[in-house]
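Every number here is computed from the coordinates shown, using simple stated rules; none is lab data. Everything numeric in this text was worked out from a predicted model, so none of it was measured. Positions of Cβ are backbone-derived with ideal geometry, glycine not excepted, and every protein chain shown enters the neighbour counts.
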Amino acid sequence: MFTRVLTALRDVATYNALLVRSGSFRADAMKAYSEWLLAQRPTVQVRREIARVTPAAVPHTGLSGAALALAATSQSDHTPRRINIVLTDFIPNRAFAGIHTALDVADKLGARTGLPVQLVTLSERFGANEAAEARTVLTQRFARPVNVVYRDALLDTTFNPDDIWVVTHWTTAHPAAVAARAGVIRSENVVYLIQDYEPGFHAWSTAHTVARSTYDAGFHHLVNSAPLAKYLRDTAGVEIDDECVFAPALNIARMQEVARLRERGPVRVLFYGRPSKPRNLFSLGVAAMMDAVQRLGDRAVSVEFISAGEAHDSIDLGAGVQLKSVGALPWDAYFALLPTASVVLSLQASPHPSHPPLEAAVSGAIAVTNEFAQTRNDLHPRLSAVSADPESLGAALTDAINRISDEGPGSYSGLADGILGSEIDGVIDTLAGRIGF
């Protein structure tokens, strides 16, 4: 009993320390708390939606944060057709790779079909002011006007029955599935951009189960990366067409520049670590580095270990070696740091191939990551994907350090054609044909 109390107190202390030190952790914690509060009772907005939907849709109310939002909308043949890209929200300075990919898909689909693009947001915290900012940013990005409809305005907005809908996170796919069941939108007009195996973001629970159910909603699946498609098909039993699988975009020019800037010198290990993101396996990464320090022996003190992605206190790896954090970095700062790190450790407990290990490998560093359902081991000769345990990762990290010490960093070496999927423009052409264009 006493041990459990001490453990609980340590957990509380760790949580409070992260709240103080990490802005991203604090933002995520507040978001989770706000969502928990919203789930306790229907808000005014949810009650308005309940009043608008068919009775059969009402039981879905609590299954996702905006379950009824699309089912409560109105349709008219007199409204011009659009492509509606559905996001939880869009905060320009907090939009990461997944959001940018979704916007790129909507932009390319709009250009291919000739339909205007409209952003629909489902978060109740995203209102008129945020919509105005998003409208300005997206109009510049798309080089044409982009309308933004936020949650509170959805009930006053009319959509065309033949609109095309692009959903990406499961919390946007579920409202589309509810609306399709209610006959408000057509499932054959919905494009589901799948960017990770999102049921895995949750423990076995209602959220896990509802997330998994969205793959069976009858939408057109558009999958970001061949490794993810393989996992969805082989492990999760989801039907995926290879013609609708595209390769995630790497900034080739930037990677070539990083490779040119690399120089031989003391070995620096960069750990992409985010303590507040469970799927990045922060504690396992620390354990792997501690194992590597033991394997290196006296040579360990000549190796520098740094982490990026999220601020945290320095961590003792043993033998007088410290892991020092540089925190979250803007893109330019990240690409300035990358040439100085000839070994990169980046872990992810999901099948989507994250960018840091790929960017490291193609730009001349050696990347170490965890294997996941046999989706990573053949992606690149300079990427070592091994079992997710401290000893295997520590051994791979030690081998990488020794190799860099002997050979120095490599030159630019791109990924093999098609290994991550097809070129996105061709995939968009295929998709456009399937939705009637």
Query raised in the report: By how many nm would the segment from LEU261 to ALA97 grow when fully extended, if each residue of separation counts as 0.36 nm and the alpha-carbon distance is taken off?
Result: 56.6 nm
Report summary line: Between the Cα axis of helix 23-40 and the main Cα principal axis of the chain, the angle (0 to 90°, nearest 10) is 40 degrees
Query raised in the report: How many angstrom lie between the C-alpha centres of segment 373-437 and segment 79-98?
Result: 28 Å
Report task. Enter the angle in degrees (range 0 to 90, nearest 10) between the Cα long axis of helix 170-181 and the first principal axis of the Cα atoms of the chain, meaning the one along which they spread out most. Result -> 20 degrees
Report summary line: If R0 = 51 Å, then ASP406 and SER213, at their Cβ-Cβ distance, give a FRET efficiency to the nearest 0.05 of 0.50
Query raised in the report: Taking neighbour Cβ counts within 10 Å as the exposure measure, how do HIS202, HIS169 sort from fewest upward?
Result: HIS202, HIS169
Report summary line: the chain, Gaussian network, Cα under 10 Å: of SER187, SER76, SER325, the residue fluctuating most is SER76
Query raised in the report: How much length is gained on full extension from ARG434 to VAL301, taking 0.36 nm per residue of separation minus their Cα-Cα distance?
Result: 42.1 nm
Report task. Could you tell me what percent of the DSSP beta bridges with both partners in segment 306-435 are antiparallel, to the nearest 5? Result -> 25 percent
**Report entry** Hydrodynamic radius (Kirkwood) for the chain, which is based on Cα pairs only, to one decimal in Å
**Finding:** 23.4 Å
Report summary line: Residues whose built amide H sits under 5 Å from the amide H of VAL120, excluding neighbours closer than 5 in sequence, are ILE85, VAL86, LEU87, VAL149
Report summary line: In terms of the alpha carbon gyration tensor, root eigenvalues a ≥ b ≥ c, rounded if a/c is under 1.5 and otherwise prolate when a/b exceeds b/c or oblate, segment 374-427 is oblate
Requested in this report: Name the residue, out of PRO357, PRO409, PRO55, whose mean-square fluctuation peaks in a Gaussian network model built on the chain with Cα pairs under 10 Å.
Outcome: PRO55
**Report entry** Integer Hz, Karplus 6.51/-1.76/1.60 couplings in order for segment 195-201, x for Gly and Pro
**Finding:** 10, 5, 8, 6, x, x, 6
Query raised in the report: Where does the chain land at 222 nm, in deg cm²/dmol rounded to the nearest 500, when only DSSP H runs of n ≥ 4 count, each adding -39500 (n - 2.57), divided by all residues?
Result: -12500 deg cm²/dmol
Report task. Provide the FRET efficiency to the nearest 0.05 for the GLN75-LEU337 pair, computing r from the beta carbons and using R0 = 41 Å. Result -> 0.25
Report summary line: FRET efficiency (THR54, SER205; Cβ distance; R0 25 Å; to 0.05) is 0.40
Requested in this report: Specify the inter-centroid distance of segment 113-185 and segment 220-266, based on alpha-carbon positions, in whole Å.
Outcome: 27 Å
Report summary line: Whole-Hz Karplus couplings 3J(HN,Hα) for segment 281-298, θ = phi - 60° and coefficients 6.51, -1.76, 1.60, Gly and Pro as x, run 6, 4, 5, 5, x, 4, 4, 5, 5, 4, 4, 5, 4, 5, 5, 6, x, 5
Query - Cα-based helix-to-principal-axis angle, 390-407 vs the chain, degrees rounded to 10 - result: 60 degrees
Query raised in the report: Picking from ASN251, ASN84, ASN160, which is most flexible by a Gaussian network model of the chain using Cα springs under 10 Å?
Result: ASN251
